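Have a look at the structure below before the remarks.
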Amino acid sequence: MTWHKAAIFGSSGGIGAALVADLADRGVKVFAGSRAGEGPDRPGVTPFRFDFDDERTIATAAENWRDDPPDLVIVASGVLTLADGTGPERSLKSIDAEAMARVLHVNTIGPALVAKHALPLFARNAPATFAAISARVGSISDNRIGGWHSYRASKAALNMLLRNFAIELGRTHKQAIVAGLHPGTVDTPLSAPFQSNLPEGQLTSPEESAASMLRVLEGLSPEGSGQVFDYKGERVPE
Ligand SMILES: NC(=O)c1ccc[n+]([C@@H]2O[C@H](COP(=O)([O-])OP(=O)(O)OC[C@H]3O[C@@H](n4cnc5c(N)ncnc54)[C@H](OP(=O)(O)O)[C@@H]3O)[C@@H](O)[C@H]2O)c1
């Protein structure tokens with residue numbers, strides 16, 4: 001499908017910025033959302049401010065789009081290492097209630113709040129896509145090495161919510177699609193501390209990842225709604 005208008009939550013991130021640029025290059029009008037509310041200064045891109053710590057900012061953004069809503073909404077925000085430097089847990093003993101709550105707040109509850117306010121804007125009888133950047137490590141059946149307790153749990157829970165939203169939206173919006181996306185291992189500030197042991201050629205640029213994920217989304221049909229796909233278009237197991 002071709003989109004007319006997109007809203008990207010997390011446009012200040014490596015992947016979010018690349019999604020904004022790719023869509024703008026195609027002539028799609030883009031609302032670019034970040035906590036600073038500053039977007040790239042280029043034609044067709046309108047920055048907006050939102051913060052998962054203040055639901056009203058998300059409600060206000062959606063309210064402003066009511067008359068001419070986006071037909072593509074992507075949540076590209078997320079955390080692995082917290083702002084205070086707390087990294088992902090390697091063992092049970094490093095579980096900290098506050099840090100875990102923060103990761104779940106940003107990675108799971110944040111996208112749910114965006115869905116709450118953005119999905120009702122979709123037209124009932126036209127194609128529309130809602131996607132959130134998840135991660136392969138959110139797959140329960142694919143988990144062989146453990147660790148990263150909060151991050152894995154936050155993405156597994158996100159995947160469950162995406163399935164729920166797909167079911168609920170599918171009752172009224174037959175052409176709508178809700179999907180999770182695994183972007184690959186992408187060269188961004190989020191992955192930077194964990195890149196040293198990567199096999200040669202495994203690190204993707206944000207631009208390549210964004211282009212691949214948009215290709216995957218374009219190829220989806222409503223039958224695929226509620227699932228998680230990697231950047232190659234392959235299903236990530238539950
Ligand atoms: N990079 C990878 O290899 C990789 C692999 C698998 C999955 N992912 C997923 O891809 C997504 C994007 O990651 P990235 O690599 O592009 O990371 P990034 O460059 O660190 O960007 C993270 C984004 O999340 C936003 N964010 C963080 N906390 C927020 C909050 N409380 N409210 C609103 N926005 C908040 C940041 O906004 P501020 O600028 O305001 O902080 C930034 O835009 C994440 O969901 C991540 O889990 C990434």
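The values are calculated or read from the model by the stated rules, or taken from the named source; none is laboratory data. Keep in mind it's a predicted model, so treat the numbers as computed, not measured. Here the Cβ positions follow ideal geometry from the backbone for every residue, glycine too, while neighbour counts run over all protein chains shown. Protein only, heavy atoms only, side chains kept; ligands, DNA and RNA dropped before computing areas. Shrake-Rupley method; radii C 1.70, N 1.55, O 1.52, S 1.80 Å.
Things to note:
- Take the Cβ atoms of GLU208 and ASP142, set R0 to 22 Å, and the FRET efficiency comes out at 0.45.
- Listed by number, the DSSP H helices of the chain that run 27 Å or longer by alpha-carbon position along their axis and have mean Kyte hydropathy of at least -0.5 are 149-172.
- Among LYS93, LYS155, LYS5, LYS232, the sequence by solvent-accessible area, most first, with a 1.4 Å probe is LYS93, LYS232, LYS5, LYS155.
- For region 50-144, convex hull of alpha carbons as volume per residue, Å³: 116 Å³
- Helical contribution to [θ] at 222 nm, DSSP H n ≥ 4, -39,500 (n - 2.57), averaged over the chain, rounded to 500: -10000 deg cm²/dmol
- The residues packed around THR57, meaning those with a beta-carbon under 15 Å from its beta-carbon, carry a net charge of -2 if Lys and Arg are +1 and Asp and Glu are -1.
- Close Lys pairs in the chain (alpha-carbon distance under 28 Å; sequence gap of 8 or more, or different chains): 14.
- Whole-number accessible area per residue in Å² for the chain, which is evaluated in the context of all protein chains at 1.4 Å: 49 Å²
- Across all directions, the average projected area of the convex hull around the alpha carbons of the chain is 12.4 nm².
- Carbon-plus-sulfur accessible fraction, region 5-230 (probe radius 1.4 Å, protein heavy atoms only): 52%.
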